[in-house]
Amino acid sequence: MTQYDIVVIGGGPAGLAAAVEAREQGAKSILVIERDRELGGILQQCIHNGFGLRVFNEELTGPEYAERFIDELEAMAIEYLLDTMVLEITQDRQIIISNSEKGIQIINAKSIVLAMGCRERTRGALAIPGYRPAGVFNAGTAQRYINVEGYMVGKRVVILGSGDIGLIMARRMTLEGAQVLAVAEIMPFSGGLTRNIVQCLDDYNIPLMLSHTITAIKGKDRVEGVVIQKVDQKMQPIPGTEIEYKCDTILLSVGLIPENELSRKAGIAIDPVTNGPVVNSNMETTIPGIFACGNVVHVHDLVDFVTEESRHAGNAAAKYVMDESRSNHKGTVIRTKAEEGVGYIVPQQIDMDSIDGKVALFMRVRNVYHNASLSVKLGGVEIKRVKHRHLAPGEMVRVDIDKQLIKETQAEMTVSVVLEEGRV
Amino acid sequence: MYDIAIIGAGVIGSAVARELSRYALKIVILERGNDVAVGTTKANSAIVHAGYDAPATSLKGKMNVKGNAMYDEVCQALDVPFKRVGSLVVAQHDEELETLESLLENGKLLGVPGLEILSGDAVAAREPNLNQSIKAALYAPTAGIVEPWELAIAYCENAMDNGVSLKLNFEVKGIDRKAGCFEIHSKDETVTASTVINAAGVYADAVYNMVADSHFTIKPRRGQYYLLDKEANGLVNHVIFPCPSKLGKGILVAPTIDGNVLIGPDSQDLTPFDKEATNTTGDRLQYIRETAAAICEVVPYKLNITTFAGLRAEPSTGDFIIEESMEVKNFINVAGIKSPGLSSAPAIAERVASIYLDINPNTAENPAFNPIRRPRVKFADMTIEAKQEMIEKDPRYGRIICRCEMISEGEIIDAIHRNAGGRTLNGIKRRVRPGAGRCQGGFCGPRVMEILTRELSLKMTDIKQEGLDSYILTGKTKRGDEDDAI
Ligand SMILES: Cc1cc2nc3c(=O)[nH]c(=O)nc-3n(C[C@H](O)[C@H](O)[C@H](O)COP(=O)(O)OP(=O)(O)OC[C@H]3O[C@@H](n4cnc5c(N)ncnc54)[C@H](O)[C@@H]3O)c2cc1C
Ligand SMILES: Cc1cc2nc3c(=O)[nH]c(=O)nc-3n(C[C@H](O)[C@H](O)[C@H](O)COP(=O)(O)OP(=O)(O)OC[C@H]3O[C@@H](n4cnc5c(N)ncnc54)[C@H](O)[C@@H]3O)c2cc1C
């Protein structure tokens, strides 16, 4: 049986940053395990620009961003395994892996960092009556076919859902010569970043149809068309608003969902809202010594945030390895709670002993707000208020709280949206 | 020249082929689809009915009870998962209690074992999620669930292991009667055979019309379904039927062998021209929900993963037609095999073989016949030691392709190269389930395509999702100037 100080599961930006940071903090034996044939995670198929503005102060493509961390990993001689699947992790931090070279192996780790990322939501997205023709793709799968495999998935495209990947793919397909006819979004607002709506749709005259959804698919073997309908406030299609498009392809961009089968099996508590592990301010899960970061914890829209969060997790894992008494749930614990207008908060709890200086809260709001504030309260008393000109579910918000603002109490910390000049 | 040509590779054609492969005969199966089991066999309730409901004098009644009894042995030999979960026909009011009694009597006449009427309380204890209003139920312990396409694929594979040939993409367009044989034509090929067995499902009347003036017609009667995610597993423990009516067995709620839940089917007569109409429709799905609510109000439709529809081959005669044609010697019809056709398949196969042997009494046995199908490797279910051993023998079992269902490359390659192997994305999915899990193929789809192209020397753009026109990729991207274009 092999033994490591830290085993990182997943070689995407989260896993890479955690591993590099842990080494910088002095952790000796580190192993990164990746099931794909290369490191970099989902970034390897994101060949567009727009990564790294926060972390590197420059605009990089996904693979370029990943490369910076892969280079560091190599320079630090951190071990990694490719084409290797983690099948199971146990409460006592055994990791069972499988690859074709060495078959099944069991690895022991003092600490584990979960960085498995997320997958695209599909279920129920298109439970539309009709046939089951080919030509319906998840936007991320289409991205992989086009950017990694080098194949086009269709010529006339309608996109359902306005998540970032769908928006990026609208532009990508257009540049490849396909015609993107429309993006239909059932909500009255887009789930994507404003910058992507401007740069990927507006610049190419692709209509974004808010409060619209696909209600019928034509074609038996391959998609031949779709019917798009406007929906009312209860999201029910409004009769008489049908528009038919002739197309051969439908891309679904209806959200991402953290990939936590391994975590669940190990008995780690999962937050039903984020679908990721419940973590403390050290990114430590409910099992001591098992940390988590990146999209496996909650879906990020910017990889830069993933990197920051993962460095934090790598740092904590390294410290844990050197001193196991640093584990969570020791000193005073303050729970965080999303209130009015806020969907969720990560971390779900703050361990006072573990924070130095300040704690970063990541959250998403439930609706689109203009000129609103986020109000942070401890035991019902406001300790911080941050003004925002624009808040939207598609854009993750970060609020830093100084340690000295947090009195050591058993009270909850809540965050809510406060409307300043009325909601728009 | 073949001794026998079987038209149609559904569960019936495949079961017949495997049964006849016990004899020293040259047999070919002709199937118009690009895979086996792509007709009605892939879209039905997947229930091996106990067999109490068809009239005691009918052929379908007899075939059902006999077929049901044969299932354990067949599924064991062919390595097909099958579970006798039992079924309940539930009664809500006094009139229906009488129906239960008459079903019980009819079942006894047919020799269905173990039938019993349970009280409302006993039903509630077995099925806590059913409505409180249920007064009693007819319990049939021998009812089971199976994966119909896997059974058909297994039958076909084992038939081929025993020497039968399979021609896919062979749509029979015409049949000429010649002295002592038939010439069977597709658009670009001709096959000759001494005997024809017509197992063409909803098209059995059209195929028979190629040699005779049909004395029967087959109407498509569509049934639609909801399929719920495995998260709904445990909603019901038995197959739950309402009391039957003239239209059939009614809308049932049933577990599937994979742990999903099925709700349906309705029953809708289509015109004879609608034999391709396997689409679902909003109004019928709504009707299914409303009707199913009478037996179970708590069905979690938010866990719905897909809806689908199948076509029953409804014969004008009202019963299975399994006989040598009276007009055309050596032409055997196996037609009108509606429900309970799946349940009856093993018995139907035996009956067809005995018809053939009556016509050809001097048929010799096939000394090499082996009823056992090589078991599929199910990597996810193996112990660590067994996995290790498997990977040492063949390292491709170490590479996991489908992360949701933990399916290895080795299993996919095996599914391609077995007899009656898979050639399409859905074909692979039906055999080993990659893409049937939570991500619905989002991650493994491209990998499975890559494996298909490599193993079958195809181009990526050749790979189909299902039918012949269900292409997935349209061509190469504009390579080269990618980086500055984005
Ligand atoms: C399709 C898609 C497109 C995106 N586009 C953009 C964009 O344009 N701009 C932007 O800023 N952000 C984008 N994002 C978000 C950003 O890329 C992610 O936030 C970031 O990649 C998350 O990093 P991660 O390391 O948490 O996850 P990932 O990058 O998904 O990495 C997780 C890694 O873990 C591996 N893994 C998972 N399970 C196992 C296991 N059991 N065993 C071994 N390895 C395993 C996976 O193979 C993967 O490599 C996109 C995300 C997706 C899904
Ligand atoms: C809604 C519904 C629910 C059902 N539920 C149950 C159940 O729970 N239990 C049960 O026992 N039974 C059930 N059945 C019945 C069962 O599904 C069928 O009896 C069985 O699948 C019939 O198999 P088959 O091989 O005769 O037909 P098919 O599977 O349709 O096979 C016929 C094959 O012939 C091929 N073919 C047609 N024309 C040609 C041609 N010209 N040339 C070459 N090939 C051709 C087709 O492509 C097809 O593959 C149900 C049926 C339906 C529709």
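The values are calculated or read from the model by the stated rules, or taken from the named source; none is laboratory data. Fair warning: this is a prediction, and the values are worked out from it, not measured in the lab. Reconstructed Cβ throughout: ideal geometry from the backbone, glycine too, with neighbour counts over all protein chains shown. Calculation scope for accessible area: heavy atoms of the full protein, side chains included, ligands and nucleic acids excluded. Shrake-Rupley method; radii C 1.70, N 1.55, O 1.52, S 1.80 Å.
With assigned by TED's automatic domain parsing to the domain that holds B:THR99, free of Cβ contacts under 8 Å to residues at least 40 places away in the same chain, open to solvent by 20 Å² or more (accessible area, probe 1.4 Å) and farther than 28 Å from B:THR99 by Cα as the only criterion, which of B:LYS230, B:LYS173, B:LYS187 stands out?
The conditions single out B:LYS230.
Of these, A:ILE146, A:ILE165, which one is open to solvent by 10 Å² or more (accessible area, probe 1.4 Å), part of a helix (DSSP H, G or I) and of a type outside the set (D, E, K, R)?
Of the residues listed, the single one that is open to solvent by 10 Å² or more (accessible area, probe 1.4 Å), part of a helix (DSSP H, G or I) and of a type outside the set (D, E, K, R) is A:ILE165.
Are any of the residues in region A:4-23 outside the structural domain of A:ASP164 (by TED's automatic domain parsing) and without any contact (Cβ under 8 Å) to a residue 40 or more places away in the chain?
Among the residues of region A:4-23, not one is outside the structural domain of A:ASP164 (by TED's automatic domain parsing) and without any contact (Cβ under 8 Å) to a residue 40 or more places away in the chain, which makes the answer no.
Go through B:ALA159, B:ALA193, B:ALA154, B:ALA179 for me and flag whichever is out of contact with any Gly (no Cβ under 8 Å at 6 or more places or on another chain) and surrounded by fewer than 21 Cβ atoms within 10 Å (Cβ to Cβ).
B:ALA179
From B:ASN64, B:ASN68, B:ASN44, which residue is part of a loop (DSSP other than H, G, I, E, B) and of a type outside the set (Phe, Trp, Tyr)?
On inspection, the qualifying residue turns out to be B:ASN44.
Of the residues B:LEU138, B:LEU115, B:LEU110, which single one is within 28 Å of the chain's Cα centre (by Cα) and open to solvent by less than 20 Å² (accessible area, probe 1.4 Å)?
From the options B:LEU138, B:LEU115, B:LEU110, the qualifying one is B:LEU138.
Say whether the condition of being within 16 Å of ligand 1 (Cβ to nearest atom) and facing chain B (nearest Cβ under 7 Å) is met by at least one residue in region A:125-139.
The answer is yes, given that some residue of region A:125-139 is within 16 Å of ligand 1 (Cβ to nearest atom) and facing chain B (nearest Cβ under 7 Å).
Residues checked against (1) open to solvent by less than 30 Å² (accessible area, probe 1.4 Å); (2) under 30 Å from A:LEU31 (Cα atoms):
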{"position": "A:ASP323", "(1), (2)": "no, yes"}
{"position": "A:TYR344", "(1), (2)": "yes, no"}
{"position": "A:ILE350", "(1), (2)": "yes, yes"}
{"position": "A:ASN371", "(1), (2)": "no, no"}
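Out of (1) within 9 Å of another protein chain (Cβ to nearest Cβ); (2) at pLDDT 90 or above; (3) buried (at least 17 other Cβ atoms within 10 Å of the Cβ), what's the single condition that is false for B:GLY421?
Every condition holds for B:GLY421 apart from (1).
Looking at B:LYS429 and the list (1) more than 9 Å from chain A (Cβ to nearest Cβ); (2) open to solvent by 20 Å² or more (accessible area, probe 1.4 Å); (3) touching a residue at least 24 places away in the same chain (Cβ under 8 Å), which single condition is not satisfied?
In the conditions (1) more than 9 Å from chain A (Cβ to nearest Cβ); (2) open to solvent by 20 Å² or more (accessible area, probe 1.4 Å); (3) touching a residue at least 24 places away in the same chain (Cβ under 8 Å), B:LYS429 misses (3) alone.
Here are some residues: A:ASN99, A:ASN108. Which one is more than 29 Å from A:ALA139 (Cβ to Cβ), without any contact (Cβ under 8 Å) to a residue 60 or more places away in the chain, open to solvent by less than 60 Å² (accessible area, probe 1.4 Å) and more than 8 Å from ligand 1 (Cβ to nearest atom)?
Just a single option satisfies the conditions, and that option is A:ASN99.
Which helices (runs of 4 or more DSSP H) does region B:83-194 wholly contain that include 3 or more residues that are over 30 Å from B:GLY422 (Cβ atoms)?
B:94-110, B:120-126
Got a number for residues in region A:81-111 being hydroxyl-bearing (Ser, Thr, Tyr) and more than 7 Å from chain B (Cβ to nearest Cβ)?
Qualifying residue count, region A:81-111: 3.
Please go through region B:27-41 and pick out each residue that is among the hydrophobic types (A, V, I, L, M, F, W, C) and part of a loop (DSSP other than H, G, I, E, B).
Hits for region B:27-41 are B:VAL36, B:ALA37, B:VAL38.
Is it the case that some residue within region A:156-166 is more than 30 Å from A:VAL278 (Cβ to Cβ), of a type in the set (S, T, N, Q) and more than 7 Å from chain B (Cβ to nearest Cβ)?
no
How many residues are touching a helix residue (DSSP H, G or I) at 6+ places or on another chain (Cβ under 6 Å), of a type in the set (A, V, I, L, M) and open to solvent by 20 Å² or more (accessible area, probe 1.4 Å) when one looks only at region B:196-219?
The total comes to 1.
For region A:234-246, does any single residue satisfy the condition of being within 30 Å of B:ILE472 (Cβ to Cβ) and aliphatic (A, V, I, L, M)?
Yes: one or more hits.
Residues in region A:174-216 that are under 24 Å from A:ASN49 (Cα atoms) and either outside any loop (DSSP other than H, G, I, E, B) or over 25 Å from the mean Cα position of the chain (by Cα) (or both): how many?
25
Assuming B:VAL123 fulfils every condition listed in (1) open to solvent by less than 50 Å² (accessible area, probe 1.4 Å); (2) among the β-branched types (Val, Ile, Thr); (3) within 24 Å of B:PRO55 (Cβ to Cβ); (4) more than 26 Å from the chain's Cα centre (by Cα) apart from one, which condition is it?
Every listed condition holds for B:VAL123 apart from (3).
What's the total number of residues in region B:35-53 that are more than 10 Å from ligand 2 (Cβ to nearest atom) and open to solvent by 10 Å² or more (accessible area, probe 1.4 Å)?
2
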